Each structure stands twice: as C-alpha cells, then as structure tokens.
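**Student:** Just passing along the structure, written as structure tokens.
The values are calculated or read from the model by the stated rules, or taken from the named source; none is laboratory data. Since the model is a prediction, treat every value here as computed from it, not as a measurement. Positions of Cβ are generated from backbone atoms using ideal geometry, with glycine treated the same way; all protein chains shown enter the neighbour counts.
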C-alpha cells in the first residue's frame, strides 16, 4: 500500500494558491467562451499563452514553498529521499 503524503499549509499560502487557481480557472473559461464565439485563432493563442504563464507562476510558487518546508524538513531529518523526489519533480516541470 502506498503512503499518501499531505501537508498542512499556512492560511496565507492556502489563500494565495487558491486565488491563483481561481484566476487560471477564469482564464480557461474565457478561452472556452472564445472558442464558442469563433474568436480569431491568434487571440485564443494569446490567452492560452497567458494561462501557461500563470500555471508556470503557480508551479514556481508551489515549488518554492515545497523546498522551503517539506524538502528542508526532510533534509534536517536525514531523509535523502526528498532530494530524489524533488529532482524528479523538477524534471517533470521542465518537460
């Protein structure tokens, strides 16, 4: 059986991440509306690029929080597996 990890986030981190995701969700709905209204391809692609940039920003923020909390704590506790996990995650993000 796989152990499911979790993290208790500070209120400010939780709110920031949810706010970012809510904005991204709104952008996605906007793109869907553009498709439904037969918007010009370049306009849709511009909005799609903005969503990609917003997701990259979200990922950078979450990764930074992860390194400062989970990874740092794991290293302090002698858990070198957190380093391997971090390297694998960075490789996924850089695809």
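**Student:** Taking residue 7, is it within 18 Å of the chain's Cα centre (by Cα), touching a residue at least 60 places away in the same chain (Cβ under 8 Å) and closer than 28 Å to residue 86 by Cβ?
**Tutor:** Yes.
The rows are residues; the columns are (1) at pLDDT 95 or above; (2) within 21 Å of residue 22 (Cα to Cα); (3) surrounded by fewer than 10 Cβ atoms within 10 Å (Cβ to Cβ).
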| residue | (1), (2), (3) |
| --- | --- |
| 54 | yes, yes, no |
| 57 | yes, yes, no |
| 63 | yes, yes, no |
| 67 | yes, no, no |
| 71 | yes, no, no |
| 78 | yes, no, yes |
| 83 | yes, no, no |
| 86 | yes, no, no |
| 94 | no, no, yes |
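**Student:** Please find, within region 29-47, the residue that is farthest from residue 95 (Cα to Cα) out of those that are in contact with a helix residue (DSSP H, G or I) (Cβ under 8 Å, 6 or more places away or on another chain) and exposed (fewer than 14 other Cβ atoms within 10 Å of the Cβ).
**Tutor:** 35
**Student:** Here is a list of conditions, (1) surrounded by 11 or more Cβ atoms within 10 Å (Cβ to Cβ); (2) assigned to a helix (DSSP H, G or I), and residue 12 meets all of them except one; can you say which number that is?
**Tutor:** Among (1) surrounded by 11 or more Cβ atoms within 10 Å (Cβ to Cβ); (2) assigned to a helix (DSSP H, G or I), the lone unmet condition for residue 12 is (1).
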